[in-house]
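**Q** This is the structure, below, for whatever I ask next.
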Amino acid sequence: MTRPRVIPVLLVKNGLLVRSEGFSVHQDVGNPMATVRRLSGWGVDELVLLDIGRDDRHDLRRDDLHERLSGSTMLDVLEQVARECLAPLTVGGGIRTLDDIAARLAAGADKCALNTAAVDDPSLVTRAAQRFGAQCVVVSIDAARREDGGDEVMVEGGRRPTGLDPVAWAAQAARLGAGEVLLNSVDRDGAGGGYDLDLVRRVAAATPVPVIACGGAGRFAHLAEGLAAGAAAAAAANIFHFTELSYPRAKRACADAGFPVRPVTLGSRWFPREPVHDLAERDARLAARRELARVGPPRERAPRRTTRWCSRCVYPSSSAVALQFDADGLCTGCRAAAEKVEIPAAEWDRRLELLAAELEAARSRDGSRHDCVIPVSGGKDSHFQVHVVKELGFRPLLVTYDGNNWTPAGLRNMRAMRERFGVDHVVCSPGVDVLRRLNRLGVEVMGDMSWHAHVGIMTTPVRVAAQFGIPLILWGEHGYADLGGHFSMRDFPEMTYRHRLEHFARGYEWSWFVGLEGLEPADMLHWRYPDDATLMSLGLRGLYLGNYVRWEANEHTRLVIDRYGFEPSEEPFDRTYRRMSNLDDMHENGVHDYLKWIKFGYGRCTDHVCKDIRAGLMSREEGVELVRAYDHVKPRDLARWLEYTGTTEEWFDAMADTFRDPRVWGRRDGRWVKADPWDSETQVAAA
């Protein structure tokens, strides 16, 4: 018996994985190698990798990431993905000739998906099957609903109608020699409402080869519905980026529906979740960075000037949070913010009821544990999170990662939360000497001393929840969705190990640091995530409050000040006009953010301005003036950090300069310069 398959589809555009909607809206969600490694560890049935970009240009954009592309073409991406992939791999996009197929098979693909080229030249299907075997040839069909109610095959990424009926074309593709048909719905792509089951049934009935249903899965139950409609495999793209343990949960949903799917792998010693590091490569990379800092930059270097800026807010394409731009120059962050504004009050009421239901499902029935964990720093968002949960009538356990860099107001707020809300509070404090070493290494490895804080904040609450058997963690807003628009407001993304590793840790797991500056495994306890088997057995999930409650930081700040006595910073920050944000770490708005400006050409003021422009609280012109006033400022807290870590300003500046993005920064007469986006002049860096 052939088992039904569950197949993740990974959409790649210009080197990054994207979430897709309607074949037209694409939002960056991560890099393909890390995702393939995670999926392979679960023993996925198969993987489909589709290049949906219009040009063969692939770049992860950042020099501070552990995972980097060694080339700039789709074949380069494929070669690196194939090294991580342990399942049959189908590759599509940009295939026009037999030589294209041969090159992809040589680079590691097992099958190739033909779309536009198969429609334009059906003989290509036959010639490919004759040369490589039918099992290697997949015909990908993108179907769209016409105004008269019929279906039509679309090509060129859903942009060109063909007049072909998808049922007839699928049957013809099988006669031409295709071994499988990948059936996708243009209209349902990214909508999350489920497959076009009627179309799946008709194509499956008319086609003697296996049909893979794709397009529209928004819940794991939809995958089982696709199989029930006659598909040999249920495929999906976006949904596998939304939740922790997404593939095991998808398989469980299909098994619960009665389908004999293959079991998944959890916690196998043969497929470790954490990256296995090449220590020689690590040491060589670090030595090269130190040598680059010692030698210094060239005296003259022209910037590539490929950066563009959003037409509404002030985000650049060099943003640390990857952005996509539409035809009007609007960034995905602004698009997501506009989508949020359009959500009516009745829908927010419904979402609050959904949140209450999630909390109720996690409630301790016998009072032996807390109902949920809330990660808190003592900031405005932390206060608002606890306020919402307490108002709904639940008992949270507050958990804090102590990075030892508190502002005075932040420390007072954190310590007062236990009394302000009448709750229990766990504070986890790594050793100061370990923190100092991680601060220094963070600057050398990725141009950011705050690796320990980013990863500690995303790890400590999960460790505590697992330790006490609490199945629900309630985070605040999803930062990457809020800033860069990585998801739709319909997606309800949750916290995942992969998101923590790839975005917060930049691909550097705790074990990468062991052996550097004398660090031992025991020193890294606070940054070690619970294993998959523990997460699965507990059903541990991390929800984002911003998916359930309308999130507007300025309004929340007024509420928590008036009701709970929350204290904003008594002193203004050097690099932003806000006083109520990032109080848990004095360097977040200071030297940490200054490094971001050095690397990417923008800073925390830009972040805050973009939020306030999107919220309608200021004009773009007002935001530009604030950015010009704040983003370049070298902050006073650098002196504290240098003394704290035993380093010098000369060392700091030299190391920071090695991370400057050449798309942003150039050199003129021995000074750093960057193109000013707001007029035709050149801004000379203060560094």
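**Q** Hey, can you tell me all the residues within the stretch 436-482 that are more than 20 Å from residue 64 (Cβ to Cβ) and free of Cβ contacts under 8 Å to residues at least 40 places away in the same chain?
**A** Correct list: 467 only.
**Q** Out of the stretch 407-435, which residues are of a type in the set (S, T, N, Q) and surrounded by fewer than 16 Cβ atoms within 10 Å (Cβ to Cβ)?
**A** 429
**Q** Can you list the strands (runs of 3 or more DSSP E) found entirely within the stretch 1-92 that contain at least 1 residues being of a type in the set (Ser, Thr, Tyr)?
**A** 16-21, 89-92
**Q** To continue, here is another question. Examine the stretch 460-474 for a residue that is crowded, with 22+ Cβ neighbours inside 10 Å and hydroxyl-bearing (Ser, Thr, Tyr), and state whether such a residue exists.
**A** Looking for residues that are crowded, with 22+ Cβ neighbours inside 10 Å and hydroxyl-bearing (Ser, Thr, Tyr), one finds at least one in the stretch 460-474, hence yes.
Conditions (1) closer than 21 Å to residue 455 by Cα; (2) at pLDDT below 95; (3) outside the structural domain of residue 247 (by TED's automatic domain parsing); (4) in contact with a Lys or Arg (Cβ under 7 Å, 6 or more places away or on another chain), marked per residue:
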{"residue": "523", "(1), (2), (3), (4)": "yes, no, yes, no"}
{"residue": "540", "(1), (2), (3), (4)": "yes, no, yes, no"}
{"residue": "552", "(1), (2), (3), (4)": "no, yes, yes, no"}
{"residue": "579", "(1), (2), (3), (4)": "no, yes, yes, no"}
{"residue": "589", "(1), (2), (3), (4)": "yes, yes, yes, yes"}
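**Q** Counting only residues that are crowded, with 24+ Cβ neighbours inside 10 Å and of a type in the set (Val, Ile, Thr), which one in the stretch 26-46 is nearest to the chain's Cα centre (by Cα)?
**A** Filtering the stretch 26-46 for residues that are crowded, with 24+ Cβ neighbours inside 10 Å and of a type in the set (Val, Ile, Thr), the one nearest to the chain's Cα centre (by Cα) comes out as 29.
**Q** Further question on the same structure: Residue by residue through the stretch 487-519, note down the ones that are within 30 Å of residue 350 (Cβ to Cβ), charged (D, E, K, R) and modelled with pLDDT under 95.
**A** Residues satisfying the conditions are 490, 491, 498.
**Q** While we're looking at this one, here's another question. All but one of (1) of a type in the set (Asp, Glu); (2) part of a helix (DSSP H, G or I); (3) surrounded by fewer than 23 Cβ atoms within 10 Å (Cβ to Cβ); (4) touching a Ser or Thr at 6+ places or on another chain (Cβ under 8 Å) hold for residue 643; state the number of the condition that does not hold.
**A** Only one criterion is unmet by residue 643, namely (4).
**Q** Let me ask another. Check residue 368 against each of (1) buried (at least 24 other Cβ atoms within 10 Å of the Cβ); (2) at pLDDT 95 or above; (3) of a type in the set (Ser, Thr, Tyr) and name the one condition it does not meet.
**A** All conditions pass for residue 368, except number (1).
**Q** Those residues that are within 22 Å of residue 624 (Cβ to Cβ) and either modelled with pLDDT of 90 or more or surrounded by fewer than 17 Cβ atoms within 10 Å (Cβ to Cβ) (or both), I need them from the stretch 296-316; list them, please.
**A** Those that are within 22 Å of residue 624 (Cβ to Cβ) and either modelled with pLDDT of 90 or more or surrounded by fewer than 17 Cβ atoms within 10 Å (Cβ to Cβ) (or both): 305, 306, 308, 309, 310, 311, 312, 313, 314, 315, 316.
**Q** Looking only at residues that are out of contact with any helix residue (DSSP H, G or I) (no Cβ under 6 Å at 6 or more places or on another chain) and either of a type in the set (S, T, N, Q) or crowded, with 20+ Cβ neighbours inside 10 Å (or both) in the stretch 83-93, which one is farthest from residue 272 (Cα to Cα)?
**A** 93
**Q** Taking the options 602, 594, 529, name whichever one is in a loop (DSSP other than H, G, I, E, B) and farther than 30 Å from residue 266 by Cα.
**A** One residue alone meets the criteria, 602.
**Q** Follow-up. Looking only at the stretch 619-637, which residues are surrounded by fewer than 20 Cβ atoms within 10 Å (Cβ to Cβ), under 27 Å from residue 290 (Cα atoms) and in contact with a helix residue (DSSP H, G or I) (Cβ under 7 Å, 6 or more places away or on another chain)?
**A** Matches in the stretch 619-637: 634 only.
The values are calculated or read from the model by the stated rules, or taken from the named source; none is laboratory data. Just so it is clear, the structure is predicted and the values come from calculations on it, not from any experiment. Backbone-built Cβ (ideal geometry, glycine too); neighbour counts: all protein chains shown.
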